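The values are calculated or read from the model by the stated rules, or taken from the named source; none is laboratory data. Just so we're clear, the structure is a prediction, and the values are computed from it rather than from any experiment. Cβ placement follows ideal geometry from the backbone for every residue including glycine, while neighbour counts extend to all protein chains displayed. SASA here: full protein model, heavy atoms, side chains in, ligands and nucleic acids out. Shrake-Rupley method; radii C 1.70, N 1.55, O 1.52, S 1.80 Å.
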Amino acid sequence: KGKICSQCGCTLVEAHTFIKESPVRDVVKSVTPQYLVGKTLSAKLLLKEGAIIGRRSGDYIDTFCSLGYVSGTHAKQQKNSSGNWVIIDLNSTNGTFVNGKQIAPDNPVVINVGDEIALYDTKFIVE
């Protein structure tokens with residue numbers, strides 16, 4: 001019926017044909033995240049194993065020291081046993097959010113390329 005892309009295996013479509021679901025999200029998830037890029041703040045944070053995000057302590061103090069709504073030790077980034085990057089809320093006052101949903105304190109949540117991370121209302125995109 002249709003031709004198959006030799007590089008990614010996706011079905012090729014003719015012009016003016018619309019695909020209801022795109023395989024792009026699945027392809028993006030297979031890329032290893034490297035940065036948190038500010039959406040509401042001019043910052044690009046390199047993901048680091050065990051890095052603490054906070055206003056008073058951690059690896060990015062210069063970025064967050066003037067943001068009163070970011071807790072002193074707000075969140076932590078690390079790799080889980082499967083090698084995936086996770087973010088962990090460290091019982092912050094105003095919360096950590098992944099794709100608009102607040103995460104429970106001390107509960108590692110896997111982050112993927114394209115996800116939105118928010119420390120209260122400061123938003124980042126995982127790249």
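Filter the range 62-93 for residues that are under 19 Å from the mean Cα position of the chain (by Cα), surrounded by fewer than 16 Cβ atoms within 10 Å (Cβ to Cβ) and farther than 15 Å from Pro108 by Cα and give the result.
none
Go through (1) touching a residue at least 40 places away in the same chain (Cβ under 8 Å); (2) more than 21 Å from Thr32 (Cβ to Cβ) for Arg55 and report which single condition fails.
Condition not satisfied by Arg55: (1).
Looking at the range 94-127, which of its residues are within 12 Å of the chain's Cα centre (by Cα) and surrounded by fewer than 17 Cβ atoms within 10 Å (Cβ to Cβ)?
Passing the criteria: Asn99, Gly100, Val110, Gly114, Glu116, Ile125, Glu127.
If we scan the range 16-30, do we find a residue that is modelled with pLDDT under 90, in a loop (DSSP other than H, G, I, E, B) and closer than 19 Å to Val126 by Cα?
Yes, because at least one residue in the range 16-30 is modelled with pLDDT under 90, in a loop (DSSP other than H, G, I, E, B) and closer than 19 Å to Val126 by Cα.
Can you name every residue in the range 60-117 that is among the acidic types (Asp, Glu), over 21 Å from Lys44 (Cβ atoms) and assigned to a strand (DSSP E or B)?
Asp89
Within the range 86-109, does at least one residue satisfy the condition of being within 20 Å of Tyr35 (Cα to Cα) and in contact (Cβ under 8 Å) with a residue 40 or more places away in the chain?
no
It is to be established whether one or more residues within the range 1-10 are at pLDDT 90 or above, at negative phi and open to solvent by less than 40 Å² (accessible area, probe 1.4 Å).
Scanning the range 1-10 turns up no residue that is at pLDDT 90 or above, at negative phi and open to solvent by less than 40 Å² (accessible area, probe 1.4 Å).
Restricting attention to the range 110-124, report how many residues are in contact (Cβ under 8 Å) with a residue 40 or more places away in the chain and closer than 22 Å to Cys65 by Cα.
Total meeting the criteria: 8.
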